[in-house]
Amino acid sequence: MPPETPLKFSAKNKSFNIAIVGRPNVGKSTLFNKLCSKQKAIVAKEPGVTRDFQLEKIYWKSYAFHIVDTSGFEMNEGSLTQHLELHTAIDQQRDRILRQSQAYLFVCDGQEPLTQLDHELLQKVRKENKPLIPVVNKIDTTYFKKHESEFYEFLGTSFQKLSAEKGIGLTSLLETLEQTLILPKEEETLASPLTKVVIMGRPNVGKSTLMNQLLSEERVVVSPVPGTTRDSIDSEIEWNNRKYLFIDTAGLRKKRKITEKIEKLATQSALKSLERADILLLVIDAGEGPTEQDIQITKLAWERGVAVILLINKWDLLPMEKRTNTYWQKVLWNKFRHFNRIPFLFISALEKRNISKIFEALSETKTFYERVIDPKKGNEAFLKWTGKAPHPLVKVNAFRHKMKFFSARQVQNAPPVFEVKTSHPKNVATLYDRYLKNKFRETHGFWGIPIEIVYQGIGAVKNYR
């Protein structure tokens, strides 16, 4: 068997991984979020919410280590047999995490009696013969106060007492890790600039399979069951001396189909991930083609200043007549006509086709996303466009006026923002605004990149008739 890929994605430094393990709904994700000081994993009072593992680097004093939030340990019985393949994948990933972690935080739920699953899980973790720090969460509950001795008897040793939700006992826990484990020393440094990439798309279009191919490891649970990925997961990759932070989000569903609270939380998490991104990789199932939902995701991305690249996945399954650029140009540029030729790429995540081209497309898009146009050349081109295709007359105070444009300059990049000086800034027509944005895009290579134009008046001619 080939050696397993370690959980840490940078090959330069060995990492110290501490896995948070415990049966579902004992508070693992809440503890993870508190230690990371951010809402990273989805938290809800429903068993089995976390399906993928979350990994975050923690700095404590002069030490650095990784905390891993694992999937809930579920028994493969009852209704779970419907998705046996999914649970098999989760179990395999859980076992891999246990093998590749150097220590464990074993978490019990202090607000209810211990279960058979607690016993089985503790036995399984102890067989790994690695440092184990027992933790009892929710100690502020009536049950724990009355039955504290049960947990001493079960664990056979003293344990860390926590209320993760209220932040009680976290400092004590970190001090215990420092005293008990041989943690690597590392001072926190400022991170290098990253290209932040979010992967989005409707459920089951192949996002998680793509993520695993990009990472060359089983980073997220892959299964044909829609809704498998519930958390947004971050992974850092370096390619051709450029660093990328990939965010694999839960599949977005149409709002009327979102019924479970967990699905609502996952959709909110996906949209928050979009807020953090520079570029969106929008995965489209080649067999189904683009939908109205894909257009709405693209719109949301552009409203947030995020560039978009379309990935046509499962392209290899199409009949030959539908595998051409010409066919897909007609389909995509018609469906996304208001976005002016968003770049697209054919891929097969499962067959690993064109995966390297994704990085090439990201590199090119990021270059143009950050591009700063030469002020003189940019303004000259702008005046040619407005001279060749004048704005229609505008009605102001019962009179029709000629719209005059005086200058344009770039005031921001990543994404590009232009300031345009005009005689009637409040009367620029929507179609003409789109015309100018398209001219900026075509002239300067801003394909798939949102452009904002801020129209400003100019002193003496502000009230020109």
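The values are calculated or read from the model by the stated rules, or taken from the named source; none is laboratory data. Since the model is a prediction, treat every value here as computed from it, not as a measurement. Cβ: placed from backbone, ideal geometry, glycine included. Neighbour counts: every protein chain shown. Protein only, heavy atoms only, side chains kept; ligands, DNA and RNA dropped before computing areas. Shrake-Rupley method; radii C 1.70, N 1.55, O 1.52, S 1.80 Å.
For Tyr104, are the conditions met, namely being more than 26 Å from Ser62 (Cα to Cα) and not basic (Lys, Arg)? Taking the combined requirement at face value, the residue does not satisfy it.
Listed conditions (1) open to solvent by less than 80 Å² (accessible area, probe 1.4 Å); (2) over 24 Å from Arg202 (Cα atoms) are all met by Tyr327, apart from (2). The set of residues in the stretch 421-452 that are among the small types (Gly, Ala, Ser), over 23 Å from Val306 (Cβ atoms) and surrounded by fewer than 19 Cβ atoms within 10 Å (Cβ to Cβ) contains only Ala429.
If you go through the stretch 386-408 and keep only what is surrounded by 15 or more Cβ atoms within 10 Å (Cβ to Cβ) and of a type in the set (D, E, K, R), you end up with just Lys404. Check Gln293 against each of (1) modelled with pLDDT of 60 or more; (2) under 16 Å from the mean Cα position of the chain (by Cα) and name the one condition it does not meet. Among (1) modelled with pLDDT of 60 or more; (2) under 16 Å from the mean Cα position of the chain (by Cα), Gln293 violates only (2).
Applying the set (1) open to solvent by less than 90 Å² (accessible area, probe 1.4 Å); (2) in contact with an Asp or Glu (Cβ under 7 Å, 6 or more places away or on another chain); (3) within 22 Å of Val198 (Cα to Cα) to Asp316 leaves exactly one unmet item: (3).
Taking the stretch 371-385 as the range and being open to solvent by 80 Å² or more (accessible area, probe 1.4 Å) and acidic (Asp, Glu) as the test, only Glu380 passes. Of all residues in the stretch 155-177, which are within 25 Å of Ser15 (Cα to Cα) and exposed (fewer than 15 other Cβ atoms within 10 Å of the Cβ)? Matches in the stretch 155-177: Thr171, Ser172, Glu175.
Listed here are the residues, each with its yes/no results for (1) among the acidic types (Asp, Glu); (2) touching a strand residue (DSSP E or B) at 6+ places or on another chain (Cβ under 9 Å); (3) in contact (Cβ under 8 Å) with a residue 60 or more places away in the chain; (4) part of a helix (DSSP H, G or I).
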{"site": "Tyr327", "(1), (2), (3), (4)": "no, no, no, yes"}
{"site": "Ile342", "(1), (2), (3), (4)": "no, yes, yes, no"}
{"site": "Ala361", "(1), (2), (3), (4)": "no, yes, no, yes"}
{"site": "Phe368", "(1), (2), (3), (4)": "no, yes, yes, yes"}
{"site": "Asn379", "(1), (2), (3), (4)": "no, yes, no, yes"}
{"site": "Lys384", "(1), (2), (3), (4)": "no, no, no, yes"}
{"site": "Gly387", "(1), (2), (3), (4)": "no, yes, no, yes"}
{"site": "Lys395", "(1), (2), (3), (4)": "no, yes, no, no"}
{"site": "Lys426", "(1), (2), (3), (4)": "no, yes, no, yes"}
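Residue pairs whose Cβ atoms lie under 7 Å apart, sitting 6 or more positions apart in sequence or on different chains, and linking a residue in the stretch 277-298 that is farther than 11 Å from Leu311 by Cα and of a type in the set (D, E, K, R) to a partner that is open to solvent by 10 Å² or more (accessible area, probe 1.4 Å) and assigned to a strand (DSSP E or B), are Asp278/Lys196.
Of the residues making up the stretch 140-161, not a single one is out of contact with any strand residue (DSSP E or B) (no Cβ under 8 Å at 6 or more places or on another chain) and touching a residue at least 60 places away in the same chain (Cβ under 8 Å). Checking every residue in the stretch 183-196 against the condition of being open to solvent by less than 60 Å² (accessible area, probe 1.4 Å), in contact (Cβ under 8 Å) with a residue 24 or more places away in the chain and of a type in the set (D, E, K, R) gives zero matches. Can you tell me how many residues in the stretch 98-154 are open to solvent by less than 60 Å² (accessible area, probe 1.4 Å), part of a helix (DSSP H, G or I) and closer than 19 Å to Ile182 by Cα? Going through the stretch 98-154 one residue at a time, the tally reaches 2. Inside the stretch 24-37, residues that are crowded, with 23+ Cβ neighbours inside 10 Å, assigned to a loop (DSSP other than H, G, I, E, B) and not β-branched (Val, Ile, Thr) make up a count of 1. Kindly indicate whether any position in the stretch 364-382 is more than 20 Å from Leu436 (Cα to Cα) and among the acidic types (Asp, Glu). Yes.
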